[in-house]
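Q: What follows is a single structure, and I will ask about it in a moment.
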Amino acid sequence: MIRKLLQKMPSPFGLPQRRRTTPSVIPASQHQVRRERLSRHAVSVVEKLQQAGYEAFLVGGCVRDLMLDITPKDFDVATSATPEQVRATFRNARLIGRRFKLVHVHFGREIIEVATFRANHETQASEEQSRQSESGRLLRDNVYGTFEQDAQRRDFTINALYFDVSTGQIHDFAHGVHDIRNRLIRLIGHPEQRYQEDPVRMLRAIRFAAKLDFEIEPHTAAPIEEMAPLLHDIPAARLFDESLKLLMSGQGKATFDLLYQFDLIAPLFPDTDEAILENPEYTLRLVRQALDNTDARIAQDKPVTPAFLFAAFLWPALPARVAALEEQGIPPIPAYQQAAHELLAEQCLHTAIPKRFSIPMREIWDMQPRLERRSGRRADQLLEHPRFRAAYDFLLLREEAGEQTDGLGRWWTLYQDASADQRRQMIRELGDAPKSGGKRGRSRSRRKPRKPQSND
Ligand code: ATP
Ligand code: MG
């Protein structure tokens with residue numbers, strides 16, 4: 001009888017309810033989150049906390065993803081226990097976090113993150129500002145809250161679902177199940193206020209929309225274009241982390257297209273944004289093709305590196321800078337060096353690219369002109385270079401985007417597969433070929449010959 005009644009209702013979450021104090025409780029029979037798909041370690045963490053007398057739930061991305069039949073990246077737990085109480089419950093637990101104290105419970109390579117229920121006590125923006133200076137900040141950051149407050153401080157309705165492993169019920173304070181069924185990204189609360197508190201939520205809206213193939217609900221979408229400049233105040237280290245999640249999670253191209261649509265390229269990659277304005281067709285083709293390659297490699301479980309993507313994002317901005325420096329009388333090679341250095345340094349003010357990525361990125365760039373110089377033993381030396389493969393892939397990418405290279409990519413493709421004899425022949429033929437007047441890479445095409453008699 002009850003089941004019949006429930007079946008009659010279009011969905012218990014069909015209409016947004018006015019009362020926000022009681023969660024909707026969705027019984028196990030009405031959702032598809034199954035215990036078998038959970039990490040057994042996550043289940044054991046929740047059960048242990050419950051046995052110790054605390055409230056504990058799986059929360060956030062893992063519940064959302066399982067409802068959509070996606071394998072979660074990781075499992076997060078929310079609990080009424082304080083971090084110290086959590087730590088006391090497990091032998092393998094470590095307190096972490098500066099902004100918010102969290103507990104990591106370790107099981108070999110798997111880490112279950114356990115967070116105490118928190119309230120949305122203060123704006124994120126002012127936290128960011130007070131970050132370095134305030135020593136009392138930690139106290140303020142750990143304002144604990146109730147179960148419901150914990151739900152209300154989360155970003156999107158679909159990220160505020162709590163799964164109780166012992167009953168199989170989902171607690172839904174914010175109509176997240178309704179939004180999952182209607183494939184909507186919707187902020188909890190007032191959108192302008194929530195973006196003001198933490199502008200990174202704009203990027204997260206885009207990320208989840210692309211990842212899940214959801215629409216951004218109109219009120220959530222509306223303020224983004226106007227509020228996008230708020231992202232300039234976010235620390236560059238956080239934006240770097242976020243940019244990796246946006247571009248390197250397997251839906252990079254779809255994510256980029258949404259970022260572009262919502263005017264969110266400029267706060268992350270101002271020079272790329274500028275290059276798109278100046279040379280839209282070429283720049284967009286290069287960047288989107290690079291993302292396409294990355295997405296395809298991720299789909300095939302092949303390794304990917306942000307160095308390649310960042311190289312592609314900034315490459316179209318290089319020629320104008322080189323040209324400007326050459327205008328000042330700087331010779332081509334130093335002009336290139338200086339332009340590359342400045343471009344990268346400026347990008348790091350927006351997304352702090354660590355050296356382990358920026359160094360290979362520069363190598364990929366620096367090898368582009370070297371790929372043209374193949375005579376003698378140079379070609380074979382380049383083949384041995386640890387960055388050859390990335391540089392060669394990058395050359396093909398430039399060609400796909402429309403750069404004229406006199407068939408350089410094809411030459412290298414053939415050379416790699418050629419026998420020793422064939423290789424010698426290919427190098428000999430290079431010597432015979434008429435000199436092609438340096439009309440190759442795009443970065444060169446704008447170079448004007450300058451003062452060849454200058455002092456070097
Ligand atoms: P995924 O890990 O698949 O990218 P996720 O939803 O788990 O997605 P996380 O960044 O791991 O995302 O965050 C875990 C949870 O913490 C989110 O589901 C959300 O409830 C909450 N959260 C994360 N960032 C914010 C934020 N900036 N504002 C409010 N809540 C947030
Ligand atoms: Mg997560």
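The values are calculated or read from the model by the stated rules, or taken from the named source; none is laboratory data. Remember, predicted model here, so these are calculated numbers, not experimental data. Using ideal geometry, Cβ is built from the backbone for each residue, glycine included, and neighbour counts are taken over all protein chains shown. Surface accessibility is based on the protein's heavy atoms, side chains included, excluding ligands, DNA and RNA. Shrake-Rupley method; radii C 1.70, N 1.55, O 1.52, S 1.80 Å.
Q: For a label point 7 angstrom out from the Cα of ASP393 toward its Cβ, which stretches of region 306-339 have the backbone nitrogen within less than 20 Å?
A: Under 20 Å, as judged by backbone N against the label point of ASP393, lie 306-316 of region 306-339.
Q: Sequence-distant or interchain residues sharing an amide H contact under 5 Å with ASP76, placed H: which?
A: Under 5 Å from the amide H of ASP76 lie the amide H atoms of VAL59, CYS62, each far enough along the sequence or on another chain.
Q: For the peptides 214-223, 42-51, what is the packing order when you average, over each peptide's residues, the other Cβ atoms within 10 Å and list the highest mean first?
A: With the highest mean Cβ count within 10 Å placed first, the list reads 42-51, 214-223.
Q: Which ³J(HN,Hα) values in Hz, rounded to whole numbers, follow from the phi angles of region 158-175 under the Karplus curve 6.51 cos²θ - 1.76 cosθ + 1.60, where θ = phi - 60° and Gly and Pro get x?
A: Values per residue, Gly and Pro as x: 6, 9, 10, 9, 10, 9, 9, 5, 7, 9, x, 7, 10, 9, 10, 7, 10, 6 Hz.
Q: Run the simple label-point estimate for SER39 and ALA418 please: 7 Å along Cα→C-beta, distance reported in nm.
A: 5.1 nm
Q: Taking H placed 1.01 Å from N in the peptide plane, check which residues at least 5 places from LEU161 or on another chain put their amide H under 5 Å from its amide H.
A: Here GLY60 satisfy the definition.
Q: At VAL25 and TYR144, where each label point lies 7 Å from the Cα along Cα→Cβ, what is the point-to-point distance in nanometres?
A: Between VAL25 and TYR144, the simple spin-label model gives 2.3 nm.
Q: Pairs LYS48/LYS73; LYS73/LYS253; LYS73/LYS355; LYS101/LYS302; LYS48/LYS302; LYS73/LYS101: which exceed 31 Å Cα-Cα? Before the final figure, lay out each step's value.
A: Values: LYS48/LYS73 22 Å; LYS73/LYS253 20 Å; LYS73/LYS355 26 Å; LYS101/LYS302 35 Å; LYS48/LYS302 38 Å; LYS73/LYS101 21 Å.
Over 31 Å apart, Cα to Cα: LYS101/LYS302; LYS48/LYS302.
Q: When every alpha-carbon pair in region 133-273 is counted, what percent end up more than 21 Å apart?
A: Distances greater than 21 Å cover 48 percent of the Cα pairs.
Q: Taking the Cα-to-Cβ direction at PHE107 and at ARG183 and moving 7 Å from each Cα, how far apart do the two end points lie in nm?
A: 3.3 nm
Q: Now for a separate question. With θ taken as phi - 60° and the coefficients 6.51, -1.76 and 1.60, list the Karplus ³J(HN,Hα) couplings across region 64-80 in order, rounded to whole Hz; mark glycine and proline as x.
A: In residue order, the calculated couplings are 4, 5, 5, 5, 9, 6, 9, 6, x, 5, 7, 10, 10, 10, 10, 8, 7 Hz.
Q: Another question about this same structure. Separation of region 338-374 and region 286-334 by C-alpha centroid, Å?
A: For region 338-374 versus region 286-334, the Cα centre distance is 8 Å.
Q: Per 5 Å bin from zero, what fraction in whole % of the C-alpha pairs of region 221-333 is there, up to the bin with the longest pair?
A: 2, 11, 19, 22, 18, 14, 8, 4, 1, 0
Q: Relative to the present Cα-Cα distance, how much length would full extension add between ASP301 and HIS385 at 0.36 nm per residue of separation?
A: Extra length available between ASP301 and HIS385 comes to 27.8 nm.
Q: Sticking with this structure for a sec: Enter the accessible area per residue of region 38-113 (Å², integer; probe 1.4 Å; all protein chains in place).
A: 49 Å²
Q: ALA323 label point, 7 Å along Cα→Cβ, cut-off 11 Å on backbone N: hits in region 335-373?
A: Answer for this model: none.
Q: Could you derive backbone 3J(HN,Hα) for region 395-402 from the dihedral phi with the Karplus parameters 6.51, -1.76 and 1.60 (θ = phi - 60°), listing whole Hz in sequence and x where the residue is Gly or Pro?
A: Couplings: 4, 4, 4, 4, 5, 4, 7, x Hz.
Q: With no solvent and one equal point scatterer placed on each C-alpha of region 252-430, evaluate the Debye formula and give log10 I(q)/I(0) for q = 0.10, 0.16, 0.19 Å⁻¹, two decimals.
A: At q = 0.10, 0.16, 0.19 Å⁻¹ the computed log10 ratios are -0.42, -1.05, -1.39.
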